[in-house]
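A.B. asks: Before we start, here is the structure in question, set down as C-alpha cells.
The values are calculated or read from the model by the stated rules, or taken from the named source; none is laboratory data. Here the structure is a predicted model, which means the values were calculated and not measured. Every residue, glycine as well, gets a Cβ built from its backbone with ideal geometry; the counts of neighbours run over all protein chains shown.
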Amino acid sequence: MPTYTGISSEAFRHPLDAQAEQALRSVPGFDLVATKFVEFIYERPQIIYHMGNSIQVGPRQYATIYRIFRECVRDLDVFPEPSLFVSQNPFVNSYSLGKDQPYIVLNAGALDLFNEAELRAVIAHELGHIKCGHTILIQMAMWTMSVVSAISEMTFGLGGIVSSGLIYAFFEWRRKAELSSDRAALLVTDDLDTVLRAMMQVSGGSRAYAHELSLAEFCKQSQNYQELDRNNLNQIYKFLLYNGYGSGSMLSHPFPVERVHYLKEWAGSAEYQRIKNGDYQRSDASGAVDVVSDRQEKPESEADRLRRQIAELQAQIERLKVKN
C-alpha cells in the first residue's frame, strides 16, 4: 500500500467540499452557533461513553482490525492517532468525531458485511474526515439540529438567525465532505474497485448473496443515475429528496451511485496520478480546521473574546432590525 508521508488534506480535498464549507461559514448565524458549540460541547463525555459501552480496538482486541487501522493511519499520515471503537449495532455504518481527541466508531454490522479490503476503505474514509478537519463541523451540525428549537431562549431571541438556511448549508456541506473522504479511501487502498465495492455493499450488500452482486452493473446504475439530469424535473426531484421532502429528513450523505461517479472521475485524473507519484501538497499540521474564524492571528484573551462576542451579537441584532 502507498504511504503519503506529510500529505496535506488540501492535496486531496474535493473542491465542492471547500466551496460548501466556505458557503456554510458565510451563512448568518454560523459564528454564533460555533461560539455556543465550543462553550457547551466537549469531547470527553463521548469518549467516556464509548469507553463504557463499546469495544476499544487494540493489539489484543480485534487485532486484525487494529493492524488495518494502524496501516491506514500511517499511509494517510494522520497524527495524533485517533481511538477506534466497535459498537454493538447491526446497522452497517461507521463515523468519526472529535478534534483534540478524535475517534472512529465502526458498527458491528459493518464488520459482518465487509471483507478486509473493503474494511480498509471504510477506515481510510473515516480517517479522511479526521485529516480534513471535518469531524468538529459534523458535531456542530448534529448539535445544531438537536437544539435549534431551544436556541432562541438561550440567546435572548437571537435564535431566529439560525434559520433553515443554516441547516441546509450544514447538510449540503456534509454531503460534499464525503467526496473528500472517498478520495482518502482511494489513496490508501490504491484500488478503485475495492472502494466502489464498499459503496455497493452500503447500498444493499448481502453476505449470503455476495456472489450474485456485480460491480459492473452497479457502475452502470451510477451512469444511468447521472443520465437522469438531462431532465430538469429529475434534477428538482433529486434536490427535494436530498433536503428531506418525501423522506422527512435531510440526507447527510450523497447517494452511493453519485459518489461512484465522482470517485471514478477523480481516479482517472492527472491530479490523482500526481499524488500517487509523490507530487502532492505537504503540511506539518494534521489538516484539521478550526471551528471558529481563521482570521485570528494570535490567541484571544478572555476579555478580548467577550468583547468580540458582544460585538457579534450587536451586529446580529442590527441585521435583524433591518430585516424587520
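A.B. asks: Among the residues of the range 1-24, write down those that are under 19 Å from residue 172 (Cα atoms), surrounded by fewer than 19 Cβ atoms within 10 Å (Cβ to Cβ) and in contact (Cβ under 8 Å) with a residue 40 or more places away in the chain.
C.D. replies: Residues satisfying the conditions are 16, 19, 23.
A.B. asks: Taking the range 32-80, which residues are under 14 Å from residue 128 (Cα atoms) and at pLDDT below 95?
C.D. replies: Once the filter is applied, which keeps residues that are under 14 Å from residue 128 (Cα atoms) and at pLDDT below 95, the range 32-80 yields 79, 80.
A.B. asks: Residues to consider are 183, 174, 207; find the one that is basic (Lys, Arg) and under 23 Å from residue 268 (Cα atoms).
C.D. replies: 183
A.B. asks: Something else: Could you please tell me which pairs satisfy a Cβ distance under 7 Å, a separation of 6+ or placement on different chains, a first residue in the range 123-135 that is free of Cβ contacts under 8 Å to residues at least 12 places away in the same chain, and a second residue that is surrounded by 24 or more Cβ atoms within 10 Å (Cβ to Cβ)?
C.D. replies: The qualifying pairs do not exist here.
A.B. asks: Moving to a separate point now. Looking at the range 181-262, what helices (runs of 4 or more DSSP H) fall wholly within it and have at least 1 residues that are among the aliphatic types (A, V, I, L, M) and at pLDDT 95 or above?
C.D. replies: 192-204, 215-227
A.B. asks: Restricting the range 83-132 to residues that are part of a loop (DSSP other than H, G, I, E, B) and either surrounded by 23 or more Cβ atoms within 10 Å (Cβ to Cβ) or more than 18 Å from the chain's Cα centre (by Cα) (or both), which is modelled with the lowest pLDDT?
C.D. replies: For the range 83-132, the residue satisfying everything is 102.
A.B. asks: Let me ask another. Among the residues of the range 39-50, is any free of Cβ contacts under 8 Å to residues at least 24 places away in the same chain, buried (at least 21 other Cβ atoms within 10 Å of the Cβ) and either touching a Cys at 6+ places or on another chain (Cβ under 6 Å) or over 22 Å from residue 4 (Cβ atoms) (or both)?
C.D. replies: No, the range 39-50 contains no residue that is free of Cβ contacts under 8 Å to residues at least 24 places away in the same chain, buried (at least 21 other Cβ atoms within 10 Å of the Cβ) and either touching a Cys at 6+ places or on another chain (Cβ under 6 Å) or over 22 Å from residue 4 (Cβ atoms) (or both).
A.B. asks: Looking at the range 207-228, I want the residues that are free of Cβ contacts under 8 Å to residues at least 12 places away in the same chain and have a partner that is surrounded by 12 or more Cβ atoms within 10 Å (Cβ to Cβ) and outside any helix (DSSP H, G or I) with Cβ atoms under 7 Å, at least 6 apart or on another chain. Which pairs are those?
C.D. replies: Pairs found: none.
A.B. asks: Take the residues in the range 243-273 that are within 24 Å of residue 216 (Cα to Cα) and out of contact with any helix residue (DSSP H, G or I) (no Cβ under 6 Å at 6 or more places or on another chain), then tell me which one is surrounded by the fewest Cβ atoms within 10 Å (Cβ to Cβ).
C.D. replies: Out of the qualifying residues, it is 270.
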